[in-house]
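Working notes for the structure below.
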Amino acid sequence: MAEGFVDAKVLAKKFVTLYMLCRDLLSKQLHYDWGLRAIKSVLVVAGVFKRNEPTVSEAALLMRALRDFNLPKIAFADLDVFFGLLGDLFPKIEIERKRDLDFEKVITDATVESQLYPHESFILKIVQLKELL
């Protein structure tokens with residue numbers, strides 16, 4: 001279950017702490033899942049990141065996986081708390097979201113073709129939906 005992470009024991013404590021705090025501090029949304037199913041999904045994403053980017057620190061990869069996997073389902077009212085928890089558990093770690101520019105171009109083209117405005121936040125929501133699926 002460590003997905004190849006060498007520092008799995010230390011990072012697992014941060015992971016579990018984040019999910020316990022999210023369960024306790026965030027609002028009680030029906031779609032929030034802080035259980036084993038969500039943990040397994042984040043681990044798989046983190047493992048893919050680790051295999052694709054072996055030179056990036058494991059803490060940064062796990063933080064990116066936790067952020068990118070959970071962010072689409074976090075209610076707007078809970079975003080500040082979620083980012084605060086991430087910042088406390090992974091201090092001084094800033095890692096950009098992994099972007100698939102080809103996919104974003106397809107979304108933009110389809111949006112324009114449908115006579116809609118390809119706003120950046122709209123495109124991001126579609127990308128996040130794809131990542132969740």
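Descriptive notes on the structure:
- Any hit, the stretch 59-70, residues being surrounded by fewer than 15 Cβ atoms within 10 Å (Cβ to Cβ) and under 27 Å from PHE5 (Cβ atoms): no
- Lone qualifier among PHE69, PHE76 - being at pLDDT below 95, of a type outside the set (Val, Ile, Thr), in the same structural domain as SER27 (by TED's automatic domain parsing) and over 14 Å from the mean Cα position of the chain (by Cα): PHE76
- Across the stretch 100-115, the qualifying residues are those that are touching a helix residue (DSSP H, G or I) at 6+ places or on another chain (Cβ under 8 Å) and exposed (fewer than 14 other Cβ atoms within 10 Å of the Cβ), and the one among them that is farthest from ALA38 (Cα to Cα) is PHE103.
- Filter result for LYS98 (under 15 Å from the mean Cα position of the chain (by Cα) and not in a helix (DSSP H, G or I)): yes
- Hey, ALA110 in a helix (DSSP H, G or I) and touching a residue at least 24 places away in the same chain (Cβ under 8 Å) or not: no
- Evaluating LEU86 against the criteria (1) under 13 Å from the mean Cα position of the chain (by Cα); (2) without any contact (Cβ under 8 Å) to a residue 60 or more places away in the chain leaves one unmet condition, (2).
- In the stretch 7-19, the residues that are of a type outside the set (Gly, Ala, Ser) reach residues that are outside any helix (DSSP H, G or I) with C-beta atoms within less than 8 angstrom, at least six apart or across chains, in these pairs: LEU11/PHE5; LYS14/PHE90; TYR19/TRP34.
The values are calculated or read from the model by the stated rules, or taken from the named source; none is laboratory data. For clarity, every value in this text was computed on a predicted model and none was experimentally measured. A quick note on method: Cβ atoms are made from the backbone with ideal geometry, for glycine too, and the neighbour counts reach across all protein chains shown.
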